[in-house]
Amino acid sequence: MKQQDGRYKFSGTVQNVIYHICTYRDRIVVGEAVDQLIHKHFNMEFHYLFGGLETIESNTEQPPTVIRPGECAVIPKGVYHGVQADTVERLCFSLTIEYNGNCENPSASDYHRIYTTYHQLREVQVVQDRFLSQMMEQYRAISEQCDLFLSAQKGLLLLCTALRLMELIHPAPSEEVREKERGNDITAINRKQLIEEYISDRFADSAGITGLSRLLYLSERQTR
C-alpha cells in the first residue's frame, strides 16, 4: 500500500482483471456532519455506515437513497451524486476495474461478470450482508494502525469487500444455468463426431444413452 497525492492506493491482479482500490487519508469519518456535496467520480464509490444515517441523491431517476448502519451504498461510476448526513461514522472507498484481454481459465467468466457489472450499473444500490459487516468491523479495528502487515491486510479487506458487493449485486449463475450455457456452446461442435468417438471408446462396455446425453448436454429423448 502506498501513499499518492494524499490517498492510499491498493492494486491487485486476478485472472487478468486488475482491481484498483483507493481510499482517502482519513478513511473513517467519525461524528462529522456532511454538507450537501455534489461530485462525480470516474470510478465506483462505496459508502459503508457504522453509525448514523446518510442520504444520497443522484442525477438518476431513482428517489433519494437512505443508508443505515450496517449497510453499504454502491454508487456507479460516472454518476453525479450529493451526500447529506448528520453525525455519521462511515468508510468511503472506490474501485476501478481494468480487464487485460481474455483468460483461458473457465473461471474467468466470473471475473468478466464483475467487470460487466462495474461498467453497466446505472443506479445507486444499497447492500446489507453479514460477511460484509464482519470485514468492515475488522477494517475499523485496525484503521489507525501503521504496521506494514496491517496496511496490506487493510488493502485486502477493501478488495474483498468490493468483490463481495459486486457478487451480491450480480450473483453468479446457478449450476443449472451454467450447464445450459455449456450445452449451448456445444451446439457449435460437430455432435456427430462426439457420438462416434463416444461409441467407439465404449463399444465393449455397451455404451448407454444416459452417458451420451450428458456428454451432449441433451435429454435422452433428444439424444435418441
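The values are calculated or read from the model by the stated rules, or taken from the named source; none is laboratory data. All values derive from a computational prediction rather than experimental measurement. We work out accessible area using only protein heavy atoms, side chains counted, and drop any ligands, DNA or RNA first. Shrake-Rupley method; radii C 1.70, N 1.55, O 1.52, S 1.80 Å.
Quick look at the numbers
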{"read-out": "Accessible area (Å², 1.4 Å probe, nearest 10) - ILE169", "value": "40"}
{"read-out": "Interchain or long-range residues, amide H under 5 Å from VAL79's placed H", "value": "HIS41"}
{"read-out": "Solvent accessible area, Å² - TYR111, 1.4 Å probe, full protein context", "value": "60"}
{"read-out": "Order of exposure, largest accessible area first, which applies to LYS77, LYS154 with probe 1.4 Å", "value": "LYS77, LYS154"}
{"read-out": "Candidate residues THR210, THR117: accessible-area rank, largest first, probe 1.4 Å", "value": "THR210, THR117"}
